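Below: one structure, written as structure tokens.
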Amino acid sequence: MSISPIHVIGGGLAGSEAAWQVAQAGVPVVLHEMRPVRGTDAHQTDRLAELVCSNSFRADDWESSAVGLLHAEMRRCGSLILAAGDAHQVPAGGALAVDRDGFAAAVTARIEAHPLVTIAREEVAGLPPADWDSVVVATGPLTSPALSEAILALTGEGELSFFDAIAPIVLADSIDMDVAWRQSRYDKEGPGGDAAAYINCPMTKDQYEAFVDALLAGPKAEFKAWEHVPYFDGCLPIEVMAERGRETLRHGPMKPVGLTNAHKPEEKAWAVVQLRQDNALGTLWNMVGFQTKLKHGAQTEVFRTIPGLEKAVFARLGGLHRNTFLNSPKLLDASLRLKADPRLRFAGQITGVEGYVESAAVGLLAGRFAAGERLGRPCAAPPSTTALGALLGHITGGHLDGGKGSFQPMNINYGLLPAIAPPKRADDGRRLGSKEKGRAKKRLVGERALADIAAWLGGADVLEAAE
Ligand SMILES: Cc1cc2nc3c(=O)[nH]c(=O)nc-3n(C[C@H](O)[C@H](O)[C@H](O)COP(=O)(O)OP(=O)(O)OC[C@H]3O[C@@H](n4cnc5c(N)ncnc54)[C@H](O)[C@@H]3O)c2cc1C
């Protein structure tokens, strides 16, 4: 008996992962991606799973980081996004960062080659036709206006939009390495063994103060009526951070701790601007945390006051973009289906998670839920003790309703996972200090999550599906 296909709309991080999971479960899938027929404000290619800004999947250590734990769980679930990320990583200290072109090309090739996937390059410009009985909507923060309007009409909920700001990229050979130096914070080694993954540009107190003044005075991109929605704190433009207080940047993206100026080891920098490698060739470097809504002319002028970047050539300047997401705790059921029309499932950033990894994680879950339903073997939600379960819990029920606009996009974090009591003593009987207890607690949360995800997967500790 032939199995009718599941339709996935949107071939970004979430849609690519969802389509992969559906196909790997043995169910045919049609993946509808509007690029290159219709573009978005941020995507630049026709590739699936294009990364629109940073090239980082963030920390990769399951013992000390919630997103690292999510990576580990996704690998165990046969995630295509993690497999392609691992295969195309570039040095980034303790983070998993990828060569964006190689990564997206690999995801596209794997999906194109899958015998159960059909790719339709078209915009779904309204609600899907009635004969699509199982659909995953993964159209992301830049969902096309026609589809957004149709969803809005169906849900009756106000669409929430705000600007995400993208960070500038600098050509490596335009950075003055007689001033800047290579080092990872606290010399932390990354997965590839590199402890000098970042380029650091030091600032004195006077230079920092002048820089903050220039940020505050520089012309900003104009506001539109629908911009009056609060920024998500994880992606604040630097000038908005500077407006919050003159020291804010020095305690955020420009913090100088854990770094020693290789040219002047005796001089402690007042602030440091970090750049992270953005492509495998090492020719492009991303200004870490430097999302901005400064006008392009002002960006060039202000960022060239940073020591080491006086002659910087910018491959891309920062900019601003829309974010679209549902009030998911109210609208979606526990398996990500729209209560008002359960044939529609949602996945990715449109569900109110934030970030590449989280979006792909929700795509992974939506794909498994949809495939299980189609095969008559419903897939239970992962336990709330896992990062996958915690993320799902946040978007489908964990959030306490604080009225309109109170549900905000969120990265995975330990606060979403149930607490666990830390040990009081080390294995040798010594009493643990508070930092050691904190580290031990994270490790225990990680161990519990990995055991629980293995049980959820039916005892298979590691799935090789994406290998
Ligand atoms: C400007 C900007 C900067 C960002 N920077 C970062 C960052 O640095 N780090 C980070 O982790 N996250 C960042 N994000 C968030 C990032 O977009 C998401 O984390 C991630 O890409 C979301 O995955 P997704 O699959 O939900 O959406 P996307 O990856 O955007 O994929 C959605 C896909 O749906 C397609 N589509 C849209 N409408 C339709 C339609 N009607 N029919 C068919 N196809 C359609 C789009 O073309 C796109 O390919 C940024 C977002 C923006 C907008």
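Net charge near ALA25, counting Lys/Arg +1 and Asp/Glu -1 over other residues with Cβ under 14 Å of its Cβ?
Once positives and negatives cancel, what remains is +1.
Given a 1.4 Å probe and heavy atoms of the protein chains only, how would you sort ASP278, ASP206, ASP341, largest accessible area at the top?
Sorted by accessible area, descending: ASP206, ASP341, ASP278.
Among 326-336, 51-61, how do they line up from the highest to the lowest mean number of other beta-carbon atoms within 10 Å?
The most tightly packed comes first, giving 51-61, 326-336.
If the chain between THR45 and ARG443 were fully stretched, how many nm would it gain, using 0.36 nm times the residue separation less the Cα-Cα distance?
My answer for the length gained is 139.3 nm.
Which cross-chain or sequence-distant (5 or more) residues have an amide H under 5 Å from the amide H of LEU259, H modelled 1.01 Å from N in plane?
Hits under the 5 Å cutoff: TYR186.
What do you get for Rg/Rh of region 273-341 when both radii come from the Cα atoms and Rh is the Kirkwood radius?
1.25
Under a 5 Å amide H to amide H cut-off, with H placed in plane at 1.01 Å, what residues pair with ALA315 once short-range neighbours are removed?
Here ILE169, VAL170, LEU171 satisfy the definition.
How about LYS330: which aspartates and glutamates have a C-alpha closer than 16 Å to its C-alpha, ignoring those fewer than 8 places off in the same chain?
In chain and number order, the partners are GLU157, GLU159, ASP341, ASP401.
Kirkwood Rh over alpha-carbon pairs of region 1-86, then Stokes-Einstein at 37 °C and 0.692 mPa s: what D in µm² s⁻¹, rounded to an integer?
Answer from the Stokes-Einstein relation: 227 µm²/s.
Please give the per residue volume of the convex hull enclosing the alpha carbon atoms of region 268-406, rounded to a whole number of Å³.
199
Points 7 angstrom from Cα along the Cβ direction at ARG38 and ASP173: gap in nanometres?
Taking the simple label geometry, ARG38 and ASP173 are separated by 4.2 nm.
Express in Å², to the nearest 10, the accessible area of GLU267 obtained by rolling a 1.4 Å probe over the protein heavy atoms while all chains stay in place.
Looks like 100 Å² after rounding.
Report the Rg/Rh value for the chain, based on alpha-carbon coordinates and the Kirkwood definition of Rh.
Using Cα coordinates only, the ratio equals 0.97.
Would you mind computing the Rg to Rh ratio of region 54-143 from its alpha-carbon coordinates, Kirkwood style for Rh?
Using Cα coordinates only, the ratio equals 1.05.
Can you give the FRET efficiency for ASP187 and ASP341, using 1/(1 + (r/R0)^6), R0 = 60 Å, r = Cβ-Cβ distance, to the nearest 0.05?
Working from the Cβ atoms, E equals 0.70.
Which residues does a label at SER64 reach in region 85-114, if reach means a backbone N under 12 Å from a point 7 Å past the Cα toward the Cβ?
94-95, by backbone N distance to the label point.
How far apart, in nanometres, would the label points at ARG304 and LEU216 be if each is projected 7 angstrom from Cα along the Cα-to-Cβ direction?
Simple spin-label model gives 2.5 nm for this pair.
Tally up the carbon and sulfur contribution to the accessible surface of the chain as a whole percent, 1.4 Å probe, everything protein left in place.
Of the solvent-accessible surface of the chain, carbon and sulfur hold 55 percent.
What accessible surface, in Å², does a 1.4 Å probe find on TYR356, ignoring ligands, DNA and RNA and rounding to the nearest 10?
40
Mind giving me the nanometre distance, one decimal, between the label points for ILE3 and ASP206, set 7 Å out from Cα along Cα→Cβ?
Simple spin-label model gives 6.9 nm for this pair.
How much net charge surrounds ARG35 when only other residues with a Cβ under 13 Å from its Cβ are counted (Lys, Arg +1; Asp, Glu -1)?
Surrounding charge for ARG35 is -3.
Would you tell me the accessible area of HIS251, worked out with a 1.4 angstrom probe on the heavy atoms of the protein chains, in Å² to the nearest 10?
That residue has around 130 Å² of solvent-accessible surface.
For the chain, what does the accessible surface come to per residue with a 1.4 Å probe? Please give it in Å².
So the chain comes to 41 Å² accessible per residue, rounded to a whole number.
Mind pulling the angle between the C-alpha long axis of helix 145-155 and the longest principal axis of the chain? Nearest 10 degrees, somewhere in 0 to 90.
Approximately 60 degrees, to the nearest 10.
Using the Cα atoms as the points, what is the convex hull volume per residue of region 327-383 in Å³?
Considering the Cα atoms of region 327-383, their hull volume per residue is 75 Å³.
The values are calculated or read from the model by the stated rules, or taken from the named source; none is laboratory data. Every value quoted in this text rests on a predicted model; they were computed, and no experiment measured them. Because the Cβ atoms are built from the backbone with ideal geometry, glycine has one as well, and the counts that use them run over all protein chains shown. Heavy atoms of the whole protein, side chains included, go into the accessibility calculation; ligands, DNA and RNA do not. Shrake-Rupley method; radii C 1.70, N 1.55, O 1.52, S 1.80 Å.
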